[in-house]
Amino acid sequence: MDYQFKDIEKKWQQFWADNNTFKAENNTNKPKYYVLDMFPYPSGAGLHVGHPLGYIASDIFARYKRNKGFNVLHPMGYDSFGLPAEQYAIQTGQHPSVTTEANINTYRRQLDQIGFSFDWSREVRTSSPDYYKWTQWIFMQLFNSWYNKDADKAESIDKLVAYFETKGSAGINAVCDEDTLVFDADEWKALPEKIQQQELLKYRLTYLRESTVNWCAALGTVLANDEVKDGFSERGGYPVEQKKMMQWSMRITAYAERLLQGLDTIDWPEPLKEMQRNWIGKSVGASVKFPLERAESEDLSRENDPTTGSSHPAPYIEVFTTRVDTIFGVSFLVIAPEHELVAELTTPEQKADIDAYIAQTKKKSELDRMADTKTVSGAFTGSYVKNPLNGEKIPVWIADYVLAGYGTGAVMAVPSGDQRDYLFAKHFDLPIIPIIDIQNIETEADPTKEGKYINSDFINGLSYKEATAAVVAKLEEIGLGKAKVNFRMRDAIFGRQRYWGEPVPVYFKDGLPQLIEESELPLLLPEIDKYLPTETGEPPLGRATGWNYNGNEYELSTMPGWAGSSWYWYRYMDADNNTEFASEKAIEYWKDVDLYIGGSEHATGHLLYSRFWNKFLKDIGKAIEEEPFKKLINQGMIQGRSNFVYRLIDEEGRGTNTFISHGLIKDHKTSPLHVDVNIVENDILNINKFKAWREDFADAEFSLENGKYICGVEVEKMSKSKFNVVNPDDLIERYGADTLRMYEMFLGPLEQSKPWNTNGIEGVFKFLRKFWRLFHDANWNFSISNEAPTKAELKALHKIIKKVEDDIERFSFNTSVSSFMIAVNELTDLKCNKRAILENLVIVLAPYAPHIAEELWSLLGNPAGSISTAAYPKFQPEYLVEDDFAYPISFNGKVRTNISLPLTMEPADVEAAVLAHADVQKHLDGKAPKKVIVVKGRIVNVVV
RNA sequence: GCUCAGAUGGUGGAACUGGUAGACACGCAGGACUUAAAAUCCUGUUCCCGUAAACGGAGUGCGGGUUCGAUUCCCGCUCUGAGUACCA
């Protein structure tokens, strides 16, 4: 029979499902291998041809590893909480779980068609209660933990309480809020329960605090920083504003250093690691206190100013700097307009200026503030500080180029070394003090670290390294500064005012958050009448009737999208466990993910949060490895490839019903129109389908080239509105899953982004037919010979065994596909139908094209399904050994001819043989070669 | 601006450690089979000169360098894509 892909693929997909072929074992002596894909959010649009790219690659790898004798865990599931289902619910009243279920079914049908070797018995859905029970459980563990910097790990909050009870707050080295109280053991014990709890909240790894959030009114929720792009929501593009709200946060900053260090231990793409490094943003520098200089007139103003709320005026302004060595070049201080000392520092004479400036800053949106980095603006507070090292009087300004959220919200301005300070100084006519002898500050700041210091008191003449050390030592000595490491990363907001997410297992008593009992998990998402905020502006959960904890109100926000995805790889290890998130034994066996494939868009979201939770789970003894994903690969994005037709514009400028072929448009006035790529083949428009596509094209006319209508091409995002979406279902219908799988790989290197172009798919389909034909005679009868293979046949086989092995190990799937084609071409030329060759070849191909491989494998008489665990053939190098080699002979590096010589021949003999050769003599034309380079088994280069 | 990745025929791409650039496939052209078409098969296909072949010249974004030899290494530049953005 001819290659009947439809029957074959259906048959084997059914077989795999019926026989649980890909079920991974938790109890086995085999070595483990864990291949994971980033699980999808099941959107209503279903899969397009770009989605399975990574899944196909990981599936090939998983199948290959099974053939290599590994017990492979290759699971799939759904990140099924999320905004789109909820938006749809708001519009239609349909419960998000209903939409989600329907979408999952579509995804499952599409995934099954491609023939993935997923162990579906371990499927997880983040929105299912027996899954989110454990997301809530982890939240509770975080709530019950604090970060001990001395131990450099998370510890139980009980341990902290016990410490407070015996020693008070002295000697505690924790990652905590700024405003923690100082107390001894007795004072702690005397504190009311409520105050104690408030205090502990400042240490917990998940905690409630008022923070500035990205509020998106249109979506009715708070967004994470990585969900905001240029002041607009990433999903939907709605405006986002800054708003203060009580919010759950995760103290991810406790792990900043470990998250940074861990990057050096994992095999991830360098750009991705770089993104995480930038996101963490470690700066090594110093914090310096500038004492306030007080004038008598100020005291009056401060007394009358109720906004400070403090009877003790602040004694100093603290700044963070990475260039403490430039401290003698400080000619002014700049603090953020939002800085807490602004009101206190503003003198009556300057009040009007400052108020006007703050008003102006507030009006500017975040977007303007970012875009407008050129204009220099600021205002003088009227106050002064003293340089802590030389007592120099320094004016204090406010300006919006200083961010309240970074460092201390205050900077020491060194115009000679920092360009922003330089521009500010020029604009407001402030002094610019050169501090390094080789500095050139005529037109701009010079941030050099080379040269010797000048105008710098006791560090004059020192080098950068010496000066930094000397200044830090001096500041520490006088108690006005110290070396400090600062991180850009902020604690992560952990909550959104939405319905379709995990409920937070917390209720409020006397305004303080309390955990529910572990035995009461999962805290189920309640039913509500509408998926909108309440009339009083509370989140949708506020609508749930009777939803309270013994009369106490539950937390009304739900967890953010990244909660469920921050630990899901552990659930796959032991998906049915209902006493733990995964058993100790399962985690002990599977440990971590060996290969993780997914998009780079998750660089600073999912991949950072997952590493954070993993480190926490390790700290509390639940996980074994410090890093969850040993090796990670980003598959490139598949872009859309749009086709265009060109509508002729008549003299009055109106569109006609005539369409001009692409090659002819320069002679006409036309307007381009997207045309459905599914009615275009190799950029040639199918005119009949075009006429049927839309009613108004039914009697379209065409101006053709060589009888064909050629379409224009452009690379754009794949989207419905551009008519460039290619659905894998259609391709499978036409060519089968094996062809689709191989073609997606054939397209190019996995990591590279590329436009989808169906044009070459025929070549892969033809290859599979040709492969099928190796096993069949001219009448399509299965026909295999048991004769001993020839040397040439063995060589072709072992070449491909080696090649595919090497390619898969370095994730170069595209080159394997080419090599398969070469192997089949060679064997076809050799008319090889020998069992000894083909039986091995089928195993090598199986990870790529599993259906056809299964079919031929069973036709060869093997037990059905056994190819999945059949041993990968052993490469035998002796079959590739050649006696002779056709040496390329180059003259001055240009190859002119080939001379076949024995590989055993020594270089000196090769040289002699080559020079004696007639072709070489001809090229030398009587001249003597200056030099001859012979690389044995490679090349000969004659220098003339 | 900064950081990173990339640039090879008409197209997707290959060349893994500095050693025959353009494998493999698409497309295109010509041919076989066919009344015809589809399908299938065969041949050719980097560019230039040349009727063709032999032969010759150029050639991996641009300009230099190292080397017997560079798509590969080094320096400078151009362009494209991604990330990031007043981070003190």
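Counting only alpha carbon atoms, the long axis of helix A:83-92 and the longest principal axis of chain A meet at about 90°.
Ellipticity at 222 nm from helices only: DSSP H runs of n ≥ 4 in chain A, each -39500 (n - 2.57), divided by the residue count, give -10000 deg cm²/dmol. When both the range A:820-873 and the range A:694-744 are represented by their alpha-carbon centers, they are found 33 Å apart. Beyond a 22 Å Cα-Cα separation, which of these cross-linked pairs lie in this structure: A:K244/A:K362; A:K167/A:K189; A:K591/A:K631; A:K426/A:K465? As for pairs spanning more than 22 Å Cα to Cα, those are A:K426/A:K465. Cross-link pairs exceeding 27 Å between alpha carbons, from the set A:K243/A:K530; A:K68/A:K754; A:K691/A:K720: A:K68/A:K754.
Cα-based radius of gyration for the range A:39-78, normalised by 2.2 N^0.38 Å, reads 1.39. Put the Cα centre of the range A:529-552 next to the Cα centre of the range A:29-69 and the gap is 40 Å. Restricting attention to the range A:757-879, the count of lysine pairs at 8 or more positions apart or across chains with alpha carbons under 15 Å apart stands at 11. Taking a ≥ b ≥ c as the square roots of the eigenvalues of the Cα gyration tensor, the range A:882-943 is classed as prolate, since a/c reaches at least 1.5 and a/b is larger than b/c.
As a proxy for reagent exposure, ranking A:L541, A:L523, A:L260 by other Cβ atoms within 10 Å from fewest up yields A:L260, A:L523, A:L541. The DSSP beta bridges internal to the range A:882-943 are antiparallel in roughly 80% of cases.
To the nearest µm²/s, what D does Stokes-Einstein give for chain A at 37 °C and 0.692 mPa s, using the Kirkwood radius over alpha carbon pairs as Rh? Value of D from the Cα-based Kirkwood radius: 97 µm²/s. Summary of the geometry: the range A:395-415 and the range A:239-276, compared by the centres of their Cα atoms, lie 24 Å apart. Rg then Dmax, both in Å and based on the Cα atoms of the range A:428-476: 11.9, 35. Computed as a quarter of the hull surface, the mean projected area of the alpha carbon convex hull for the range A:633-676 stands at 4.4 nm². The mean sequence distance of close C-alpha pairs (under 8 Å, at least 6 residues apart), as a share of the length of chain A, puts its relative contact order at 13 percent.
Spherically averaged projected area of the convex hull of Cα atoms, the range A:488-598: 10.5 nm². Computed over neighbours whose Cβ is under 11 Å from that of A:W12, the net charge equals -4, Lys and Arg +1, Asp and Glu -1.
Once a ≥ b ≥ c are taken as the square roots of the eigenvalues of the Cα gyration tensor of the range A:561-709, is the result rounded (a/c under 1.5), prolate (a/b larger than b/c) or oblate (a/b not larger than b/c)? Because a/c hits 1.5 or more and a/b exceeds b/c, the range A:561-709 counts as prolate.
What percent of all Cα-Cα pairs in the range A:639-716 falls in each 5 Å bin, counting up from 0? So the P(r) values, bin by bin, are 3, 16, 28, 27, 17, 7, 1, 0.
Shape call for the range A:747-848 from the C-alpha gyration tensor, a ≥ b ≥ c root eigenvalues: rounded (a/c under 1.5), prolate (a/b greater than b/c) or oblate? Oblate, because a/c is 1.5 or more while a/b does not exceed b/c. Across the range A:531-545, computed HN-Hα scalar couplings (Karplus, 6.51 cos²θ - 1.76 cosθ + 1.60, θ = phi - 60°) run 9, 10, x, 6, 4, 8, x, 7, x, x, 4, x, 7, 5, 8 Hz from first to last residue, x flagging Gly and Pro. Three principal axis extents describe the C-alpha atoms of the range A:646-802; from largest down they are 78, 39, 29 Å.
Amide H to amide H distances under 5 Å link A:V675 with A:N643, A:F644, A:V645, where only residues 5 or more positions off or on other chains count and H is placed in the peptide plane. About its Cα centre, the dipole of chain A is roughly 2740 debye, where the only charges are +1 on Lys and Arg Cβ and -1 on Asp and Glu Cβ. In this structure, the amide hydrogen of A:Y34, modeled 1.01 Å from its nitrogen in the peptide plane, lies closer than 5 angstrom to those of A:L73, A:D594, A:L595, counting only residues at least 5 positions away or on a different chain.
Charging the Cβ of each Asp and Glu at -1 and of each Lys and Arg at +1, and nothing else, the dipole of the range A:882-943 about its Cα centre rounds to 460 debye. Among the trypsin sites (Lys or Arg not before Pro) in the range A:14-66, those located in a DSSP loop and surrounded by at most 16 other Cβ atoms within 10 Å of their own Cβ are A:K23.
All of the numbers you see were taken from the coordinates with simple rules; none came from a lab. On a predicted model such as this, the values are computed, not experimentally measured, just so you know. When we count neighbours, we look across all protein chains shown, and the Cβ atoms used for this are built from the backbone with ideal geometry, even at glycine.
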